[in-house]
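S.K.: There's a structure below that I have some questions on.
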Amino acid sequence: MAVKNFVVGLFDDEAVLFPAVKKVRTAGYKLHDVYTPFPVHGLDHAMGLRETSLHTAGFIYGITGTTTALSFMSWVFNVDWPLNIGGKPHFPLPAFIPITFELTVLFAAVGMVMTFCYLCQLMPGVKKHIFHPRQTDDKFVMVIELTEKTNAEEVKRFLNEAGAHDINEQRAEAGWWYGRFDQADEDIHARPVNA
């Protein structure tokens, strides 16, 4: 994993955070992420994130479930175990509707949950760096990634003018890793730059 430098700013209120995100993007800084204790309406658009395609994945999973149900029941009643039950047709579509509906919902629900967990890197054993201990409690945390073209002191001044406090610079892994937080001392998962 790549170890990168970040400037972290703490905000008390979303009314201050929201314009600060717009200022950061306008200034051209690389916004790593914004952590909030609750969803902030419109923050994803202010950060420049594209709309999720999870609904498209859900549709594909649902169609897969429908196809699986109809194909399997058709195969069973026409090829594997064809029975003549009182002259009824071998493809009684109205009788197939409940099972088809259930498999459609099952495939869509399980597939979307697994896709969401994969995209958000949520699974047992996966750890990500916590930039501030109160980032999901009652504070708003903005993380700006430092590149070759950005000066840390300049970014700190910028965040201070935008309304942030408790501004610090951190060196951490940009992605995720497997393990436990109590074993983070062995690696360079989360260390202040000054240490």
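The values are calculated or read from the model by the stated rules, or taken from the named source; none is laboratory data. It should be emphasised that the depicted structure is a prediction, and the values quoted were computed from it without experimental measurement. Virtual Cβ from ideal backbone geometry, glycine too; neighbours counted across all protein chains shown.
S.K.: Identify the single condition in (1) surrounded by 12 or more Cβ atoms within 10 Å (Cβ to Cβ); (2) not assigned by TED's automatic domain parsing to the domain that holds K23 that D80 does not satisfy, given that it satisfies every other one.
M.R.: (1)
S.K.: Condition first: in contact with a His (Cβ under 9 Å, 6 or more places away or on another chain) and of a type outside the set (S, T, N, Q). Can you find one or more residues in region 100-123 that meet it? Let's see the steps before the verdict.
M.R.: As a first pass, look at region 100-123 and keep what is in contact with a His (Cβ under 9 Å, 6 or more places away or on another chain): 112.
Among the residues that remain, those that are also of a type outside the set (S, T, N, Q) are: 112.
Yes, region 100-123 contains at least one residue that is in contact with a His (Cβ under 9 Å, 6 or more places away or on another chain) and of a type outside the set (S, T, N, Q).
S.K.: Might you check whether a residue that is part of a loop (DSSP other than H, G, I, E, B) and surrounded by fewer than 16 Cβ atoms within 10 Å (Cβ to Cβ) occurs anywhere in region 153-169?
M.R.: Within region 153-169 (the criterion being part of a loop (DSSP other than H, G, I, E, B) and surrounded by fewer than 16 Cβ atoms within 10 Å (Cβ to Cβ)), the answer is no, since none of the residues qualifies.
S.K.: Anything in region 70-120 that is among the hydrophobic types (A, V, I, L, M, F, W, C) and more than 23 Å from G58 (Cα to Cα)? List them, or say none.
M.R.: W75, V76, F77, V79, W81, L83, I85, F91, L93, A95
S.K.: Follow-up question, since we're still on this one. Kindly evaluate F91 against the criterion of being surrounded by 11 or more Cβ atoms within 10 Å (Cβ to Cβ), of a type in the set (A, V, I, L, M, F, W, C), at pLDDT 90 or above and over 30 Å from Y29 (Cα atoms).
M.R.: Details: surrounded by 11 or more Cβ atoms within 10 Å (Cβ to Cβ): yes; of a type in the set (A, V, I, L, M, F, W, C): yes; at pLDDT 90 or above: no; over 30 Å from Y29 (Cα atoms): yes.
Answer is no for this residue.
S.K.: Another question, if that's okay. If I filter region 22-32 for residues that are without any contact (Cβ under 8 Å) to a residue 60 or more places away in the chain, part of a loop (DSSP other than H, G, I, E, B) and under 19 Å from the mean Cα position of the chain (by Cα), do I get at least one hit?
M.R.: no
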